[in-house]
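This report concerns only the one structure given below.
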Amino acid sequence: MGSRRSAWRENLESLVWAVALALVIRTFIIAPFKIPSGSMRMTLLEGDRILVTKFQYRFREPRRGDIVVFRFPAEPKRPFIKRLVGVGGDRVEIRDGQLLVNGEALKGYGGFQMRHYVNQGPFGGLGQVVDVPPEELFVLGDNSGSSHDSRFWGFVPKRLLIGKAICIFWPPKRIRMLR
């Protein structure tokens, strides 16, 4: 009887440790998210499941081109995912379908030059140059024509960042690292 009880207790302790470890990992290190909309098409599709590192921005600043998950400023319990375009001090403009930051077209990482950006919203109008305040971010969806992003509601305070999207892990045919 005693060995049966100790085996049960040992299994329960293992389960409690496993749950505690999983909670620590999910809270502080890495977490899964499901893509709810087409605002990041073709990079991310509706239903894709991604992993997000939650610790990376404790060691380095967010960079243009990062795909970031953040708490939506108007509804902080709601996570959003977009591509980081401008950081505090940057001047952002959409001109002739191109994204310009500090007067220069963005190229390279993030595939900015391959996308057509649409002028719309109070922060993305034709001929409008937006100054990103300190400690704030300007984010856009990769599917510019169908994205509700900083062009409409403004800036994301850095404190609302959850983390950086690193890979798609589901569905299996779409598994890949994100750039």
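The values are calculated or read from the model by the stated rules, or taken from the named source; none is laboratory data. This one's a predicted model, so the numbers in the text were calculated from it and none came from an experiment. Using ideal geometry, Cβ is built from the backbone for each residue, glycine included, and neighbour counts are taken over all protein chains shown. Calculation scope for accessible area: heavy atoms of the full protein, side chains included, ligands and nucleic acids excluded. Shrake-Rupley method; radii C 1.70, N 1.55, O 1.52, S 1.80 Å.
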* Hey, rough spin-label estimate for residue 107 and residue 126, points 7 angstrom out along Cα→Cβ, what's it come to in nanometres? -> 2.8
* Structure fact -> Everything considered on the Cα gyration tensor (a ≥ b ≥ c; rounded for a/c under 1.5, else prolate if a/b is larger than b/c, else oblate), the chain must be described as prolate
* To do: Please give the solvent-accessible surface of residue 170 in Å², to the nearest 10, using a probe radius of 1.4 Å with every protein chain present.
  => 130
* Relative to the first principal axis of the alpha-carbon coordinates of the chain, what is the inclination of helix 2-24, with its axis defined by its Cα atoms, in degrees from 0 to 90 and to the nearest 10? -> 10
* To do: Scan around residue 137 for amide H atoms under 5 Å from its own, H built in the peptide plane at 1.01 Å from N, and keep only partners 5 or more places away or cross-chain.
  => 156, 158
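Remind me, relative contact order of the chain in percent, using alpha carbon pairs under 8 angstrom and six or more residues apart? Each step should come with its number before you reach the end.
On the way: 358 pairs, mean separation 44.6, N = 179.
It comes to 25 percent, rounded to a whole number.
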* To do: Apply the Karplus parameterisation 6.51 cos²θ - 1.76 cosθ + 1.60, with θ equal to phi minus 60°, to every residue of the stretch 125-139 and state each ³J(HN,Hα) to the nearest whole Hz, in sequence, with x for glycine and proline.
  => x, 4, x, 8, 10, 10, 8, 7, x, x, 6, 10, 10, 10, 10
* Could you name the lysines whose alpha carbon sits less than 29 Å from that of residue 77, not counting residues in the same chain fewer than 8 places away? => 34, 54, 158, 164
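Quantify, in whole percent, the carbon and sulfur part of the accessible surface of the chain (1.4 Å probe; protein heavy atoms only).
Details: 6110 of 10510 Å².
Carbon plus sulfur share of accessible area: 58 percent.
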* Ranked by accessible surface with a 1.4 Å probe, highest first, in what order do 54, 34, 82, 173 come? -> 173, 34, 54, 82
* Check cross-link reach from residue 82 to the aspartates and glutamates: straight Cα distance under 19 Å, and skip same-chain residues fewer than eight apart. => 46, 48, 61, 66, 90, 93, 131, 135, 136, 142, 149
* Asked: So between residue 135 and residue 9, what do we pick up on full extension, going 0.36 nm a residue minus the alpha carbon distance?
  -> 40.4 nm
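Using a 1.4 Å probe and counting only protein heavy atoms, arrange 45, 137, 21 so the residue with the most accessible area comes first. Let's see the in-between values first.
Details: 45 35, 137 0, 21 105 Å².
So, going from the largest accessible area down, we get 21, 45, 137.
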* Rounded to the nearest 0.05, what FRET efficiency do residue 45 and residue 119 have when you use their Cβ-Cβ distance and R0 = 25 Å? -> 0.50
* Structure fact -> With every protein chain kept in place and a 1.4 Å probe, the stretch 1-90 has an accessible area per residue in Å² of 65
